[in-house]
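Below is one structure, written out as structure tokens; comments come after it.
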Ligand SMILES: [Zn+2]
């Protein structure tokens, strides 16, 4: 089971939690009820399994990566997806009858 490290954004309290991949992330600081954020600073989040075991993943081939149940660490947050919005259709002009 991987160990996740959290830090409170309000008071700086840090804690570690051993969770399985399917567990929900902690979000509330036990000390001050502040908001926790997950740290991925080299803690033992190691993907060990019979399906995927990659030690050398500097060029993380996202295409070949298996579907990860939880958020993958050390992956740059994806930018906002650009939704292909068609021409602005705020008001549909009614055809003159
Ligand atoms: Zn706190």
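The values are calculated or read from the model by the stated rules, or taken from the named source; none is laboratory data. All values reported here derive from a predicted model rather than from experimental measurement. Using ideal geometry, Cβ is built from the backbone for each residue, glycine included, and neighbour counts are taken over all protein chains shown.
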Modelled with pLDDT of 85 or more and assigned to a loop (DSSP other than H, G, I, E, B): does that describe residue 56? no
List every residue pair whose Cβ atoms sit under 7 Å apart, with the two residues 6 or more apart in sequence or on different chains, where the first one lies in the range 21-36 and is away from the ligand (no atom under 15 Å from the Cβ) and the second, anywhere, is modelled with pLDDT under 95 and assigned to a loop (DSSP other than H, G, I, E, B). 21/69; 21/70; 22/69
Filter the range 7-20 for residues that are away from the ligand (no atom under 11 Å from the Cβ) and without any contact (Cβ under 8 Å) to a residue 24 or more places away in the chain and give the result. 17, 18, 19, 20
